[in-house]
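Colleague: Sending over a structure as structure tokens; questions will come in a sec.
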Amino acid sequence: MAEQVLESAGHGLERVLSPAARWAFRVAMLVMALMMIPVFVDVILRYVSDGSLEGAYELEEFSLALVSFLALASIQEAKGHINITFVTDHCSERVRLLLETFVWCAGTPLLLTLAWRMAVAAMAKYAVGEVSFDLELPIWPVMVVCAAGMLLFGLFTLAHALECLGRCFREGHVSGGIMALVAAAIVLSVPVWFRALDISISAGALGGLAMIVMMVLLFIGMPIGLSMALVGSLGLLLLQPNPEAALAMIGQSSYSKGAEYSYTVIPLFILMGEFAYYSGISRELFYAANMWLGRLPGGLAVAGIAGCTGFAAVCGDSMATAVTMGSVALPEMRKKNYHPGLSCACLAAGGTLGILIPPSMGFIFYAIVTEESIGRLFLAGVLPGMLLAGMFIVYTVIVAVRHPELAPRGDATTFGEKLRSLKGVVVMLGLIFIILGGILMGFFSPNEGAGVGAACTFLYAFLSRKLSWQDTLKALHSTVTISARLMFILVSVGILGYFFAATQLPQLLAEFVGGLDANRYVIFASIVVLYIILGCMMNVIPMILLTLPALYPTILALQFDPIWFGVCVVLLMEMGQITPPVGVNVFAMSSVARDIPMADIFKSIVPYFSCMCLLLLLLVIFPDIALWLPTHFF
């Protein structure tokens with residue numbers, strides 16, 4: 001009887017909330033569609049009439065906040081948050097159910113508390129009549145809408161918690177379900193029983209303990225953003241003698257991080273990549289590369305890597321680059337009887353260029369965490385990215401020469417066909433020139449460059465009639481989903497950051513490492529090993545957000561160049577994209593070619609991984625590979 005009540009309550013609550021979640025997501029899509037306009041118009045007015053669009057930055061901040069929070073409920077409905085499944089994939093169905101029950105039972109009170117405190121912060125803005133600086137618009141209505149989005153998110157989590165508890169009872173796991181509920185209650189009440197038991201612990205030790213707890217939560221499948229917010233919130237409540245002060249900080253931080261102007265570069269570059277994909281730029285790039293390079297040994301594979309290199313310059317995401325070029329190049333490789341493992345491996349490895357060649361989401365998040373220049377990081381990735389692409393191509397050609405049956409030559413083409421194929425490349429080169437050229441020449445900032453790039457890509461696709469209404473909606477849907485996932489993690493990182501700042505854990509770690517009697521390159525080598533191991537278990541953005549706050553002060557203490565280290569970090573992230581057991585690029589290629597065993601892809605990708613290791617060694621020996629361009633342009 002209890003299981004029926006719980007499951008019915010969960011399903012009923014979900015049915016009631018679903019229409020509101022869909023409408024909230026549609027509003028987020030509309031806001032996303034409009035988000036590129038203020039920046040684009042502001043840049044145009046600046047150089048056409050020597051004027052500006054008043055309040056453009058504020059409109060971007062409001063838009064980002066709405067996109068960040070209004071889409072969360074739909075993502076939770078689909079259980080589409082970013083999490084680590086390395087451990088849970090190897091658990092039994094029963095254990096996975098109990099862990100999921102714990103996750104949603106622990107997450108629900110946290111999210112509802114965040115919604116409540118965001119609403120309280122909004123009412124505080126209303127009480128003092130606070131308005132935006134330029135447009136003098138009241139801030140509290142946007143904050144209320146964002147709090148409503150967080151509330152909807154929390155209620156969906158409650159529905160899933162009830163459904164999981166009902167399933168536990170129905171499948172005979174009554175004691176396990178109760179234990180999961182009790183465990184969640186114990187975790188949430190940590191500040192209470194710490195004070196009740198008068199447990200004394202130093203701030204640094206508390207920070208270290210919190211890091212361990214967070215890693216445990218991550219590996220049992222709790223969404224990354226949720227685990228960060230939970231640990232950060234509980235940590236602040238433990239450190240602050242006045243709980244009200246900690247709750248006020250949590251509520252205000254949630255909105256302020258979700259509406260931070262520097263973060264607008266994330267959804268706008270993602271939108272640019274989605275427009276580029278749906279407008280067919282990837283197909284045109286591969287066609288042009290095949291026309292010029294297809295006659296080489298392994299020509300189609302070489303063309304695929306070259307296509308990945310070009311698409312990386314307008315996309316910025318590794319997996320999207322791999323999937324996009326895979327869907328275009330793999331069918332052609334099949335026709336020419338290419339080795340299945342090699343076909344997928346070269347494209348999965350080529351896809352990693354998406355986070356090294358600018359615009360790169362890896363560099364963007366590195367810049368956000370370290371407050372380094374996005375423009376300098378973009379430039380620093382150009383030469384290493386081109387060098388790595390060259391290494392991939394040279395290896396592929398060598399394999400094709402030695403074993404032509406694995407990767408035969410393509411068909412011969414005329415010079416006229418080669419020239420006509422460049423039409424699609426011109427578009428890509430134009431976008432690169434507009435974005436990177438505009439940033440380097442000081443016409444606009446990286447944030448503005450993202451808006452200009454998205455607007456120009458859309459205008460090209462629209463005017464050339466290569467973007468249908470349905471494709472536009474798909475691009476917006478994908479952009480909002482990806483952006484909201486990432487923004488929730490960034491909001492949570494903000495909460496966690498306040499906690500770690502209070503514990504001074506990053507500074508203590510930097511002082512400890514700086515005081516070690518060891519060569520700095522030995523310490524750097526240990527960091528490389530750490531990243532390679534972590535890359536086997538989690539994706540790029542979580543790795544950056546989890547590790548850099550602690551490691552970055554250490555790198556500065558060791559007197560490594562932070563821009564150079566950013567290139568090394570992103571390269572190490574690339575390695576994680578193609579190494580088991582996670583290897584998301586390999587998973588992506590496997591989803592495109594379901595009949596090709598994943599083991600074959602991993603086996604064929606080892607030499608490409610070796611190319612990355614060689615590039616890392618070259619960066620250590622010759623750091624100017626990364627630093628020459630940013631040094632000469634900045």
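The values are calculated or read from the model by the stated rules, or taken from the named source; none is laboratory data. Only a predicted model underlies this, so the values are computations on that prediction, with no experimental measurement involved. Cβ atoms come from the backbone with ideal geometry, glycine included; neighbour counts cover every protein chain shown. The accessibility values were calculated without ligands, DNA or RNA, using every heavy atom of the protein model including side chains. Shrake-Rupley method; radii C 1.70, N 1.55, O 1.52, S 1.80 Å.
Colleague: Give, in nm to one decimal, the length gained when the segment between Lys79 and Lys423 is fully stretched (0.36 nm per residue of separation minus the Cα-Cα distance).
Modeller: Details: separation 344, 0.36 × 344 = 123.84 nm, distance 4.16 nm.
Stretched out fully, the Lys79 to Lys423 stretch lengthens by 119.7 nm.
Colleague: Here is a follow-up. Only Cα pairs under 8 Å and at least 6 apart count here; give the relative contact order of the chain as a rounded whole percent.
Modeller: 19
Colleague: While we're on this one: Figure the gain on full extension for Arg170 and Val95 (residue separation times 0.36 nm, minus the Cα-Cα span) and round it to one decimal in nm. Please report the intermediate quantities before stating the final value.
Modeller: Numbers: separation 75, 0.36 × 75 = 27.00 nm, distance 1.49 nm.
Here the segment from Arg170 to Val95 would lengthen by 25.5 nm.
Colleague: Toward the positive end of the charge dipole of the chain, about the Cα centre and with charges on Cβ (Lys, Arg +1; Asp, Glu -1), which of Leu188, Ile201, Cys346 goes farthest?
Modeller: Highest projection toward the positive end goes to Cys346.
Colleague: For segment 281-287, just list the computed ³J(HN,Hα) in residue order, Karplus coefficients 6.51, -1.76 and 1.60, θ = phi - 60°, integers in Hz, with x standing in for Gly and Pro.
Modeller: Residue by residue, segment 281-287 yields 4, 4, 5, 5, 5, 5, 4 Hz.
Colleague: Determine ³J(HN,Hα), in whole Hz, for all residues of segment 411-418 in sequence, where each value follows from phi through the Karplus function 6.51 cos²θ - 1.76 cosθ + 1.60 and θ = phi - 60°; x replaces Gly and Pro.
Modeller: With coefficients 6.51, -1.76 and 1.60, one gets 6, 6, 10, 7, 5, x, 5, 4 Hz.
Colleague: Does segment 155-198 come out rounded, prolate or oblate by the C-alpha gyration tensor, with a ≥ b ≥ c the root eigenvalues, rounded set by a/c under 1.5 and, if not, prolate when a/b is larger than b/c and oblate if not?
Modeller: Taking the square roots of the gyration eigenvalues as a ≥ b ≥ c, segment 155-198 is oblate.
Colleague: On alpha-carbon atoms, Rg over Rh for the chain using Kirkwood Rh? Could you put the intermediate results ahead of the total?
Modeller: On the way: Rg = 25.0 Å, Rh = 25.7 Å.
Radius of gyration relative to Kirkwood radius: 0.97.
Colleague: Continuing with the same structure: Would you mind putting 246-258, 57-69, 518-530, 606-618 in packing order, based on average other-beta-carbon counts within 10 Å, highest first? Could you put the intermediate results ahead of the total?
Modeller: Numbers: 246-258: 22.0, 57-69: 24.9, 518-530: 13.9, 606-618: 16.8.
In descending order of packing, they fall as 57-69, 246-258, 606-618, 518-530.
Colleague: If you take the beta carbon distance between Ala412 and Val620 as r and set R0 to 30 Å, what does 1/(1 + (r/R0)^6) give as a FRET efficiency, to the nearest 0.05?
Modeller: Values: r = 42 Å, r/R0 = 1.41.
Once the sixth-power term is evaluated, E becomes 0.10.
Colleague: Does anyone have the angle between helix 598-621 and the longest principal axis of the chain? Alpha-carbon axes, 0 to 90°, nearest 10?
Modeller: That helix lies at roughly 90 degrees to the long axis.
Colleague: Once the whole set of protein chains is in place, how much accessible area is left on Val192, using a 1.4 Å probe, in Å² to the nearest 10?
Modeller: 100
Colleague: Here's something else I'd like to know. Would you mind checking Lys335/Lys418; Lys79/Lys603; Lys79/Lys474 for any pair whose Cα atoms are more than 29 angstrom apart? Could you put the intermediate results ahead of the total?
Modeller: On the way: Lys335/Lys418 21 Å; Lys79/Lys603 32 Å; Lys79/Lys474 19 Å.
Exceeds cut-off: Lys79/Lys603.
Colleague: What is the magnitude of the charge dipole of the chain about its Cα centre, with +1 placed on the Cβ of each Lys and Arg, -1 on the Cβ of each Asp and Glu, and no other charges, expressed in debye to the nearest 20? Don't jump to the answer; show the numbers that get you there.
Modeller: Values: 31 positive and 39 negative charges, 325 e Å.
The dipole of the chain has a size of about 1560 debye.
Colleague: What are the ³J(HN,Hα) values, in whole Hz, obtained from phi via the Karplus relation 6.51 cos²θ - 1.76 cosθ + 1.60 with θ = phi - 60°, for each residue of segment 248-255 in sequence order, with x given for Gly and Pro?
Modeller: Per residue, the Karplus-derived 3J(HN,Hα) values read 5, 5, 5, x, 5, 5, 4, 6 Hz.
Colleague: With angles folded into 0 to 90 degrees, how steeply does helix 265-278 sit against the dominant principal axis of the chain? Use alpha carbons for both and round to 10.
Modeller: Between the helix axis and the principal axis of the chain, the angle is about 50 degrees.
Colleague: Modelling each spin label as a point 7 Å along the Cα-to-Cβ direction, I'd like the Arg465/Val216 distance in nm, to one decimal.
Modeller: Simple spin-label model gives 6.3 nm for this pair.
Colleague: Determine the gain in length on full extension of the stretch Arg334-Asn519; use 0.36 nm per residue of separation and subtract their C-alpha separation, reporting nm with one decimal. It would help to have the intermediate numbers written out before the result.
Modeller: Working: separation 185, 0.36 × 185 = 66.60 nm, distance 5.00 nm.
Length gained, Arg334 through Asn519: 61.6 nm.
Colleague: Follow-up. Rank-order 289-297, 22-30, 433-441 by packing density, defined as the average count of other C-beta atoms within 10 Å over each peptide's residues, highest first. Walk me through the numbers before you get to the answer.
Modeller: Values: 289-297: 20.8, 22-30: 19.0, 433-441: 17.4.
The densest-packed peptide leads the list: 289-297, 22-30, 433-441.
Colleague: Step by step: find N for segment 73-144, compute 2.2 N^0.38 Å, then divide the Cα radius of gyration by it. What's the final number? It would help to have the intermediate numbers written out before the result.
Modeller: Details: Rg = 18.9 Å, N = 72, 2.2 N^0.38 = 11.2 Å.
The reported ratio for this selection is 1.69.
Colleague: Helix 93-128: angle to the longest alpha-carbon principal axis of the chain, degrees 0 to 90, nearest 10?
Modeller: In the chain, helix 93-128 runs at an angle near 80 degrees to the longest axis.
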